Each structure stands twice: as structure tokens, then as C-alpha cells.
1. For the modelled label position 7 Å from the Cα of Phe151 along Cα-to-Cβ, which residues of segment 166-190 have backbone nitrogen atoms closer than 15 Å?
2. Which value does Rg/Rh take for segment 76-231 over its C-alpha atoms, Rh per Kirkwood?
3. Place a label point 7 angstrom from the Cα of Val113 along the Cα-to-Cβ direction, then list the residues of segment 186-219 whose backbone nitrogen is under 18 Å away.
4. Net charge near Ala178: determine it from the other residues with C-beta under 14 Å of the C-beta of Ala178, scoring Lys and Arg +1 and Asp and Glu -1.
5. Please give the calculated 222 nm ellipticity per residue for the chain, where each DSSP H segment of at least 4 residues contributes -39500 (n - 2.57) and the sum is spread over every residue; nearest 500 deg cm²/dmol?
6. Going by alpha carbons, how many degrees (0 to 90, nearest 10) lie between the helix axis of 217-231 and the longest principal axis of the chain?
7. In the neighborhood of Arg27, defined by Cβ-to-Cβ distances under 15 Å, what is the net charge if each Lys or Arg adds +1 and each Asp or Glu adds -1?
8. In percent, how large is the relative contact order of the chain, given Cα pairs closer than 8 Å and 6 or more residues apart?
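Values quoted throughout were computed directly from the atomic coordinates according to the rules given, and no laboratory measurement underlies them. As the structure is a prediction and not an experimental result, all values here were calculated from the model. Positions of Cβ are generated from backbone atoms using ideal geometry, with glycine treated the same way; all protein chains shown enter the neighbour counts.
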Amino acid sequence: MDLFYHPDITKEDKYTLGPEESRHITRTKRNAEGDILLFTNGRGIFAKARLSLPAKNKAEIKVLEIEQVPIPEFKLTVAISPLRSPARWEWFIEKATELGVSKIQPLVFERTVKSKFKEERLTKLMVSAMKQSQRVFLPELKTALPFKELFDQEITGQKYVAHCEDGSKKELVDVLKANEDVCVIVGPEGDLTNDEIKMAIENGYIPVGLGKHRLRTETAGMVVCQNYNFANRL
């Protein structure tokens, strides 16, 4: 059954939907008055609702049942360089959402090629991916930070820095522990500089690899998400 989105659902009540979700329900999915639909607010609410007014721009629903899904006890943060290509960055945002990432922290490294992205479009992509994958928690997409400022943030649990340079490091899949918060740094195309790797290690991040082959930044981010899911059997 399809999952729809309304950010304000918190209780059993009547709600008016925005134009985009209204058209999706009434035109694309062709739902009619009286149909039972499933909704989330992106913050753990799973709601069963009746379509009471199938208007194409201001559809109305009546929430009949509410379930509050427990907030995940442990969270994955991917601290990753934005990409020069908007399409590749959007692909990462979408797929990381489908895989259940908790937080995406864009980081500007020395080799990051700065690009401008529309926050509204990225949010729409995350909402769509959340609905598609039947999830009820929308990831947190943070404002980009200079790499050094990551270490001023309060980050708990396991901390790793993934890089391609030679040196003493194990594979993330082999060292990742289940049932703990995890933060993994993923660098830009061209990798982190030696100074950036050193700074991360000095701030408690364990150096790791993501396999035998060199990966694109967005692919590396996907490997991190999948390794986390595998470790936690998600």
C-alpha cells in the first residue's frame, strides 16, 4: 500500500493536504472519496486516514488511527563531501534516505568543488525516497560545514574516516559494531589530503577502507550505509 506524507500529522484529526500530495493522491493514484490511505509525518508517525475530500489542490483527510514508531536507538551520520554534479549529489541523497541514514552532514574539504544545491529540491527527494521505501523517519540534512568544524560538533559512538591512502587501516565492514551510534567521514573526489586524514585521526576517528577498489564519493557513501545496515541486520 502506498505511503503518503503530511508533516503536520500528530493526532487523530482532519488535515488539508498541499497541492503536490493532493494531485499525487487524486490524479496519479486516482484515489476516491472514502479510500483508506497511509500517511507519515517523517518523524515516526504512521497513520491510517480516510480521504474525505478528493480535491486536486486541497484534498482533505480524516486520520482514523495513529501509531508512533519508536525513534531508532542508534543513528548513522554520514559526513560527506558535496559533489560538483547535482545529479550525482541528488542520487546520493535519495539512495541514502532509502537505506535509512539518520543524518547527512555535508563537509567542505580542501579538494571539494563547491556547488550550489536547492534545499527545497533535496527535501522533496528525501520525502519521495522515504515514502518509496516505506520509512517513517526523514533524514536530517545539515548545512555544509568546513571540514575542521566537524570536530566542534558533539558526536557520540563510533567514529571513522574512510580514505584511499596507504597505511594501517582495516575495512569498515570488519570493525563496525552493532547497536551504537556511528559517524563516518567520506571525502571528495581525489580523497582527503594527508593533513585532513591526520586531523581526523587526532580527533578520535579511526581510519578505514571501503573495499579493494577506488570508489566515487557517492558510491562510498552507499557502502557506508549498507555496512551499517549489515552490522545491525537492518
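1. Residues 185 qualify, since their backbone N sits under 15 Å from the label point.
2. With Rg and the Kirkwood Rh in hand, the quotient comes to 0.93.
3. 187-193, 215-219
4. -1
5. Roughly -7500 deg cm²/dmol at 222 nm, from the helical runs in the chain.
6. The angle comes out near 80 degrees.
7. Once all neighbours under 15 Å are counted, the net charge is 0.
8. Relative contact order here is 20 percent.
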